[in-house]
Every structure is written in C-alpha cells, then in structure tokens.
2 protein chains.
Amino acid sequence: MVKHGDEIGMKMVDFKQMVYLPDDDRYAPVDEVKPGVRTADISGTQVRDDYLAKGKALPEWFSRPAVAAILNATSPPKFRQGLTIWFTGLSGSGKSTVAHALVERLAEYGRNVSLLDGDEIRTHLSKGLGFSKEDRDTNIHRVGYVAGLVAQHGGTTLCAVISPYRAPRDHARKLSKGNFVEVFCDTPLDVCESRDVKGLYAKARNAVADGKPMGFTGVDDPYEAPLSPEVTIDTSKLSVGDCVHAIIAKLLEIGYILPHGHQPA
Amino acid sequence: MVKHGDEIGMKMVDFKQMVYLPDDDRYAPVDEVKPGVRTADISGTQVRDDYLAKGKALPEWFSRPAVAAILNATSPPKFRQGLTIWFTGLSGSGKSTVAHALVERLAEYGRNVSLLDGDEIRTHLSKGLGFSKEDRDTNIHRVGYVAGLVAQHGGTTLCAVISPYRAPRDHARKLSKGNFVEVFCDTPLDVCESRDVKGLYAKARNAVADGKPMGFTGVDDPYEAPLSPEVTIDTSKLSVGDCVHAIIAKLLEIGYILPHGHQPA
C-alpha cells in the first residue's frame, strides 16, 4: 500500500491505538501517553465476559449509552439466559445426590430448575430404548435435546446421567448453545463400586464371570472422562454440601447466578 | 344457630353483602341501595380471568394495593406464563402447515416458540417407538411431557401431532398445568384423503384391501374428536391466514398475548 501509494492515488492513514485517560477524561494515542499516567481500556473479551455476560453497564467513556443498550439487548446477561448443568460420572459417583441438593440452592438464587435424572428419564423419555451403544447414545442425545429446548426458553435443567461417551456430551453442549456447565463426578471406581446402592456392579461382575458381559460402565465398558469440565467433584473426598458449594461458586464466576443481594436491573 | 343461640350463649351477627358506590366512594349493604344508584362489584371469576390473568391492576376500592401486589405476584398474568398449543386432527388436516404459519405471528407478539411436529419428533424424541397403540400413546405422552417442561419454564411450544385419542391429549393438558390451547383441525376426511401428500391414505387403503390393516387414523383406526377444543379450524373452508387469525384471536381473548402496542408493565 505504502509502496504503490503514488501509483494508485491512495494514501495510508495511520490509525493509532487509542487509550482512555480517566484523569483527563479524554482519549490519546497509546504511544503518546507519558509514563505514570493512568490509562483505561476494555478488551473485546472483557466486554463479552465481564460486562455483557454479567449485565454490567459499559462505562460511558467506552461506549455511548444508546450503543451499550443495543449490545445489552442483543446479548442478555448470563443470569437471564437458559442453562443446562450436566452431571457425568460412574454409577454411584454421586451425580443424582449432588444434583438434588443443588436444586434447592439454585431456587434461592432465583433459578427454577427441572431435574432430569435416571428415574425421570426412564418414566418420561427413554421407553423403547435398550442398552446397545446406539440406544444409549440416542438416550443421551434426547436428554440433551430436551435440556436444550428448555434452555432456549430461558429455563434451567439439571441432567444427571452416566453419559460415558464424550461425543454425545459435547453434542448436548451444542444443543444448549454453550449455556452448559459440565460437572464431572470424578469419584474413584472402587468407592463407587463399594457403595453399589442398586447392586448393579455386583450384577455386572457376575455377568462378566458368567461370560455374558452386559457392557456396564467402569466394569466392561469404558468411561471417557471430560477433557475440560467446568467443575470436577469427588464425593469420596468432599461432602455433598461442599460439592454444591463448588458448583455455586463456578456459576457465580461465570455469571449464571448473581450473588445474594444483587438484584438484576 | 338462631334456634340454639340462648342455649349456647352465641348470637349470629348478620353479615350483609356489601357493594361499592362509585359516586359516593363508599360501601353500602346491597339491600339498602336505592334504585338508580350506580354500584360496582368484581366477582371471584372476574378477579381471576379479567384482572390477574391479564395483568390488569385491581382497583383500589376493591383491593388494597399491597394485597393486589401479592395477588399479582402469586398469579402472574397469562402473557408471562408458558403455553402449549396443541394441534390435533387427521393426517393432511393442515396441523403442521397452520402451526408453521403461527410461529412467525407469535414472534411478533413477543412469544418465541418451539415447534414439535412429526419431523422434529421423529428426529429427537420417538426413536425406538413403533405403531402399536401403547407406543403411540407413549409418544403423545412424551411430546406432552416435553411441552409441559418448556411451559413450566415460561416457554411456548406448538405441538402438531395427529394424537387421535382423547385421554393422552387431556393428559398433555394436565402436564402443561392447564396453560394449554387445543386446536382441533376439523378438516373432513375426504379432503384430507384427497390431499394425501405423503401417500399414506393410499397405503392404508391398500393394506386394508390386502387384509393387513395398519391401524391408520381415519381409515382403520378411530379419531376421537376433542369435546371442547379452544379453537376449531377447517382448512377446507378457511385459508391458512384465516386459521392463524382465529387462533391469535383466541390467544388475545384468554390473555396469552397482548394486543400490539400494549407493552407489559
């Protein structure tokens, strides 16, 4: 451009990065600011995660109020958006127990929640499906679809399903348009197996011993741990209350709920 | 009470029905009001259907503002509540066509809508179910469950399914806690059959002729018409636009949407 400027009759106008000087209430090119002078700027990521996602007003020096209002309307804060909280982990890892305890806490933060756990899913959604890998994938897809539908309408669903495979879980995340918090219940297999509330591990071990493996997660079927879950809990080390606390802390951090006493505008 | 008053030492205090006199701004016993004097009263049904359901403030002469505010909070207006619109009727009766046209119109009234029609249901919800009566009932139950879940979170679902039996439809109404508008697509069988977009009627007639009835609604399986649908349309007589208009009129009447220009408070 500079090289061919004369030839094409166009000149580059150098655009310098500007920065705000709060003490002078004016902008200045970043390379003209003297050392020691206070400056302020907000990055694109900060606009998205620290202001819009949390419903915080952009300062007037950064964005005209009329523009800020349009940004807020097209990008509602996280606490006004739908949400899917997805508990994944071995049978007996504490998914349903922690999810049940979380329901009440979320109501205190103004999030009314529907819980899709094994019982609810068997009663209302999974009839007709068996235990083949395909049918189990269909089941997880369906739970993810329903949670995504509720999230689209601003609602919150807690899903507590073993969901051993990574791909269907990642698909569920997409169906909720990213308003998705994955809670990995990383309780060790031996602890889960020693609990064996429903006697399923014993049944699965016997089936293997009898040469009729039933494809039970952790025994004769793999569990693919999440690569970057939002929250990891281990109910062999933490109490249910502490697990709930860890999830609440993450939801506050992302902005899906507001600290008590902070009423949404 | 009057008879045994002396014996038990209690006297009946006669309570007279009171009525408001707007011109005097006072209450008076209804039997003391002179003929020709203006009176005002609001029945319990009117409180529920004409005020609370429509988000209209109760007048101060009827209810103290503090009480009215509590009534409004516990009984949000219909336009803030979830809603299931359930299209039922024969194959080819126009359910899906009218439902699709309604989606856009409802968005104009601020209701964002998810549409559960045959395609969506087959893709996401009904895999594993067959055509037995039991499986078809399970399918309708499931659609009703999902719509009810969305409605609980304040969302709107349009369901377009033949749903030939009355009991599963009535169950779906319960799952949406009564926030349910049943649209009966009452297009005559011969018109539906002459359309036969998917060739299903021809297939069903052939199956009957071959002595292998497939249980197709209207051919060799009954359709139980709704007893009191909120809206009845006949796409052999009304245009799609007119059908949509009829549904919109009913939604305005019940208060699920507000007339254009009426912003919710």
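Among the residues of the range A:96-154, just one is touching a residue at least 40 places away in the same chain (Cβ under 8 Å), within 12 Å of chain B (Cβ to nearest Cβ) and at positive phi, namely A:Gly154. Given the conditions (1) surrounded by 19 or more Cβ atoms within 10 Å (Cβ to Cβ); (2) touching a residue at least 60 places away in the same chain (Cβ under 8 Å), report the number of the one that A:Val219 does not fulfil. For A:Val219, the exception is condition (2). For the subset of the range A:155-185 comprising residues that are outside any strand (DSSP E or B) and β-branched (Val, Ile, Thr), which member is farthest from the other protein chains (Cβ to nearest Cβ)? Out of the qualifying residues, it is A:Ile162.
Checked across the range A:190-206, the condition of being of a type in the set (A, V, I, L, M) and more than 23 Å from A:Ser126 (Cα to Cα) holds for at least one residue. Does any residue of the range A:212-228 turn out to be closer than 21 Å to A:Leu102 by Cβ and touching a Gly at 6+ places or on another chain (Cβ under 8 Å)? No, the conditions are met nowhere in the range A:212-228. For the residues A:Leu200, A:Leu189, the requirement of being surrounded by fewer than 17 Cβ atoms within 10 Å (Cβ to Cβ), farther than 18 Å from A:Lys78 by Cα and away from every other protein chain (no Cβ under 13 Å) singles out A:Leu189.
None of A:Ala57, A:Ala28 is under 30 Å from A:Gly255 (Cα atoms) and of a type in the set (Gly, Ala, Ser) except A:Ala57. Counting only helices (runs of 4 or more DSSP H) wholly contained in the range A:43-146, the ones carrying 3 or more residues that are open to solvent by less than 20 Å² (accessible area, probe 1.4 Å) occupy A:95-108. Just checking, how many residues over the range A:229-246 are over 16 Å from A:Leu102 (Cα atoms), in contact (Cβ under 8 Å) with a residue 40 or more places away in the chain and surrounded by fewer than 16 Cβ atoms within 10 Å (Cβ to Cβ)? Residues flagged as over 16 Å from A:Leu102 (Cα atoms), in contact (Cβ under 8 Å) with a residue 40 or more places away in the chain and surrounded by fewer than 16 Cβ atoms within 10 Å (Cβ to Cβ) within the range A:229-246 amount to 1. Of the numbered criteria (1) of a type outside the set (A, V, I, L, M, F, W, C); (2) open to solvent by less than 40 Å² (accessible area, probe 1.4 Å); (3) modelled with pLDDT under 90, the one B:Tyr20 fails is (3). Only residues that are at positive phi and either among the hydrophobic types (A, V, I, L, M, F, W, C) or in contact with a helix residue (DSSP H, G or I) (Cβ under 8 Å, 6 or more places away or on another chain) (or both): list them for the range B:35-79, please. Of everything in the range B:35-79, just one residue is at positive phi and either among the hydrophobic types (A, V, I, L, M, F, W, C) or in contact with a helix residue (DSSP H, G or I) (Cβ under 8 Å, 6 or more places away or on another chain) (or both), namely B:Gly55.
Going by the conditions given, is A:Ala225 under 18 Å from the mean Cα position of the chain (by Cα), farther than 28 Å from A:Lys54 by Cβ and open to solvent by less than 70 Å² (accessible area, probe 1.4 Å)? Here the answer is yes, as A:Ala225 does meet what is asked.
Each residue in the range A:160-174 was checked for being in contact (Cβ under 8 Å) with a residue 40 or more places away in the chain and out of contact with any Asp or Glu (no Cβ under 8 Å at 6 or more places or on another chain), and 3 of them qualify. The sole residue among B:Ser194, B:Ser236 that is part of a helix (DSSP H, G or I) and among the small types (Gly, Ala, Ser) is B:Ser194. The condition of being of a type outside the set (Lys, Arg) and either within 26 Å of B:His260 (Cα to Cα) or within 14 Å of another protein chain (Cβ to nearest Cβ) (or both) holds for B:Pro77. Go through (1) touching a Ser or Thr at 6+ places or on another chain (Cβ under 6 Å); (2) open to solvent by 50 Å² or more (accessible area, probe 1.4 Å) for A:Ala160 and report which single condition fails. A:Ala160 satisfies all of (1) touching a Ser or Thr at 6+ places or on another chain (Cβ under 6 Å); (2) open to solvent by 50 Å² or more (accessible area, probe 1.4 Å) except (2).
The values are calculated or read from the model by the stated rules, or taken from the named source; none is laboratory data. Here the structure is a predicted model, which means the values were calculated and not measured. With ideal geometry, Cβ positions are generated from the backbone for all residues, glycine too; neighbour counts draw on all protein chains shown. The protein model used for the area step is the full one, side chains on, heavy atoms only, and it has no ligands, DNA or RNA in it. Shrake-Rupley method; radii C 1.70, N 1.55, O 1.52, S 1.80 Å.
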